[in-house]
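Visitor: This is the structure I want to talk about, given as structure tokens.
The values are calculated or read from the model by the stated rules, or taken from the named source; none is laboratory data. Since the model is a prediction, treat every value here as computed from it, not as a measurement. For neighbour counting, all protein chains shown are included, and Cβ atoms are generated from backbone atoms with ideal geometry for every residue, glycine included. Please note that ligands, DNA and RNA were not included when accessible areas were found on the heavy atoms of the full protein model with its side chains. Shrake-Rupley method; radii C 1.70, N 1.55, O 1.52, S 1.80 Å.
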Amino acid sequence: MEYFKKAPPQPSAVSQEIRDTVSEIILAVEREGVDAVRRYSHKFDGFSPDSFRLSDKQIAAGLAQVDDKVAQAIDFSLAQIKGFAALQRATLTDFETETLPGVRIGQKQIPVNAVGAYIPGGRYPILAAAGMTVGVPKVAGVKRIVACAPVQRGTGQVNPSQLYGIVKSGADEIYSIGGAQAMAAMAFGLDGSDPLGAVDMIVGAGNAYVAEAKRQLFGVVGIDLLAGPTDILVLADESADPEFVAADLLAQAEHGVNSPGFLITTSRSMAQAVSREIERQLLTLPTADAAGPAWRDYGEIMIVASDEEMARVSDWVAPEHLEVQTRDPDWFLQRLTNYGSLFLGHNATVAYGDKGIGTNHVLPTGKAARYTGGLWVGKFIKTVTYQTVSASANATVAPPFVTMADTEGMVGHAASMRLRLRAVAEKVSR
């Protein structure tokens, strides 16, 4: 492998200052509840309402501001997201079977009772976020879904189009709280005139403070995954269109100045053409203030000798988003193992996945695709097991397990099983 362009070394994405700030916020919210949330909301968002929970009147006022065309686009996105989630849900099934005479073992799919979804504000009001983190648990059968979203600074209002997505996705409660304080509020709950009951799980993307809050709150509540800056890898041979490749790399780079983009190609001329095309597109890209530094500081181009090496290096990068723009995308589908979501062929852009083609856009970053996939309907469902044992089956299962317990020195376990053997023997002797 040869680096045509290599990113310079970068500091850790999460500084000690971020860790300390988030720790302070979480501790304050745990101890002080809504007073702490109000203090941090005023500090970071210039917003301190009597109640953070949106009323029906506030929701109606926000929805009235949404353009019909935007609403229709969000509806289309939600239909794709929920439709795919429903197909995933159908793969999770209950069953019960007799594994030995008198021994029946089964599994059940039980949705999490309460989920808190964070809808990020920040640089862009991501309109598909609610579908991914509210709509999907709704399909899973979660009974209560709380949504938190920051207000637009200076307006005291959640972005109306985002609010539309939250409502249409099926949120049961909506709160105008942002940042790490929102994550802590959902994890611990808040007392007040409009109390927020604690949830069992918090999900959703956000900035470094939100991600760090999820890390520190894991254990108090469940989380979806720890997501850092978004990244993209494009695999391209000489059949790719350099304009497409460059546009797709810059589309992810515009998320923020620390968003990595990678190209692996078997063609030196492709590496050269994409590099030139990126510089050309940056000249007119309105979001070049983010995309430019991201590509300069985090972008990389690697040249490899073969498709086999391309696949090996791709699995080493383990990207969040992986595009395959080659002559034979299916060849890579059968071989690649480490990615968050895969986009096959020249027409399958990551932008479609971000906006709601169906697959979830909350995905593993920072090489986490080596050991986990992204958010999906099954994340909101607990697969639990159960068993029943008939009296006569004790004679089959107890003896080997008593031997194991005696060998381990776990006399209580052995005694528990011997009691059942004795009961069976006494019943037979009568």
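Visitor: Once the piece of chain linking Glu408 and Thr385 is laid out straight, how much longer is it, given 0.36 nm per residue of separation minus the C-alpha distance between them?
Guide: Between Glu408 and Thr385, full extension yields 5.8 nm more.
Visitor: Right, next: Rounded, prolate or oblate: which one fits the chain, using the alpha carbon gyration tensor with axes a ≥ b ≥ c (rounded when a/c is under 1.5, else prolate when a/b beats b/c, else oblate)?
Guide: Note, shape of the chain comes out oblate.
Visitor: Quick one: divide the alpha-carbon radius of gyration of region 16-161 by 2.2 N^0.38 Å and tell me what you get.
Guide: So the Cα radius of gyration is 1.40 times the expected 2.2 N^0.38 Å.
Visitor: Among Val34, Val389, Val142, which one moves the most in a GNM of the chain with springs linking Cα atoms closer than 10 Å?
Guide: Most flexible of the set in this elastic network: Val389.
Visitor: Further question on the same structure: What does DSSP give for the chain in terms of the percent of beta bridges that are antiparallel, rounded to the nearest 5?
Guide: If we restrict to bridges inside the chain, about 40 percent are antiparallel.
Visitor: With each pseudo-label sitting 7 Å past Cα toward Cβ, what's the Asp68-His42 distance in nm, one decimal?
Guide: 4.4
Visitor: Compute the helix-to-body angle for 242-253: its Cα long axis versus the longest principal axis of the chain, expressed 0 to 90° and rounded to tens.
Guide: The two axes meet at around 60 degrees.
Visitor: At Leu87 and Phe401, where each label point lies 7 Å from the Cα along Cα→Cβ, what is the point-to-point distance in nanometres?
Guide: 4.1
Visitor: Which of the lysines could be linked to Lys6 by a straight reach, that is with a Cα gap under 25 Å, when you skip same-chain ones fewer than 8 residues away?
Guide: Within reach: Lys367.
Visitor: Tell me, what is the Rg over Rh of region 100-187, with Rh the Kirkwood radius over Cα pairs?
Guide: Radius of gyration over Kirkwood radius for region 100-187 works out to 1.19.
Visitor: Right, another one. What pairs in Lys138/Lys168; Lys355/Lys382; Lys108/Lys379 have C-alpha atoms more than 18 Å from each other?
Guide: Lys355/Lys382
Visitor: Can you flag which of Lys69/Lys143; Lys57/Lys82; Lys82/Lys143 are past 24 Å Cα-Cα?
Guide: Pairs exceeding 24 Å: Lys69/Lys143; Lys57/Lys82.
Visitor: Mean 1/r over all different Cα pairs, inverted: what Kirkwood radius does region 299-339 give, in Å?
Guide: By the Kirkwood definition, the hydrodynamic radius is 10.7 Å.
Visitor: At a Förster distance of 41 Å, what's the computed FRET efficiency of Asp94 paired with Ala425, Cβ-Cβ distance as r, to 0.05?
Guide: 0.70
Visitor: Return the Cα extents of region 112-263 along principal axes one, two and three, sorted largest first, each rounded to a whole Å.
Guide: Sorted from largest, the Cα extents of region 112-263 read 61, 35, 28 Å.
Visitor: What is the helix-to-structure angle for 394-408, meaning the angle in degrees between its Cα long axis and the longest Cα principal axis of the chain, kept from 0 to 90 and rounded to the nearest 10?
Guide: Orientation of helix 394-408: about 70 degrees from the principal axis.
Visitor: Based on the Cα coordinates of region 288-364, what is the per residue volume of their convex hull in Å³?
Guide: 119
Visitor: Using a Förster distance of 25 Å, how high is the FRET efficiency between Ser55 and Glu24, based on the Cβ-Cβ distance and rounded to 0.05?
Guide: Once rounded, the FRET efficiency stands at 0.25.
Visitor: Can you compute the FRET efficiency between Arg370 and Ser269 using 1/(1 + (r/R0)^6), with r the Cβ-Cβ distance and R0 = 41 Å? Round to the nearest 0.05.
Guide: The value I calculate is 0.85.
Visitor: Mind checking the full-extension length gain between Glu238 and Ala79? Use 0.36 nm per residue of separation minus the Cα-Cα distance, one decimal, nm.
Guide: Separation in residues times 0.36 nm, less the Cα-Cα distance, equals 53.6 nm.
Visitor: Once phi is turned into θ = phi - 60°, what whole-Hz ³J(HN,Hα) does the Karplus curve with 6.51, -1.76 and 1.60 give for every residue of region 147-164, x standing for Gly and Pro?
Guide: Result, ordered by residue: 10, 10, 9, x, 7, 6, 4, x, 10, x, 9, 5, 3, x, 5, 5, 4, 4 Hz.
Visitor: Kindly provide the Kirkwood hydrodynamic radius of region 234-294 in Å, to one decimal, from all pairs of distinct alpha carbon atoms.
Guide: Roughly 11.4 Å, rounded to one decimal.
Visitor: For region 319-406, how big is the tail of P(r) above 17 Å, as a whole percent of Cα pairs?
Guide: 65
Visitor: For the chain, which whole-number percentage of the solvent-accessible area (1.4 Å probe, protein heavy atoms only) is attributable to carbon and sulfur atoms?
Guide: After summing per-atom areas, the C and S share lands at 55 percent.
Visitor: For labels at Asp297 and Ala415 in the simple 7 Å Cα→Cβ model, what's the distance in nm?
Guide: 6.4
Visitor: On to the next question. Ordering Trp316, Trp331, Trp376 by how much accessible area each has at a 1.4 Å probe, largest first, what is the list?
Guide: Trp316, Trp376, Trp331
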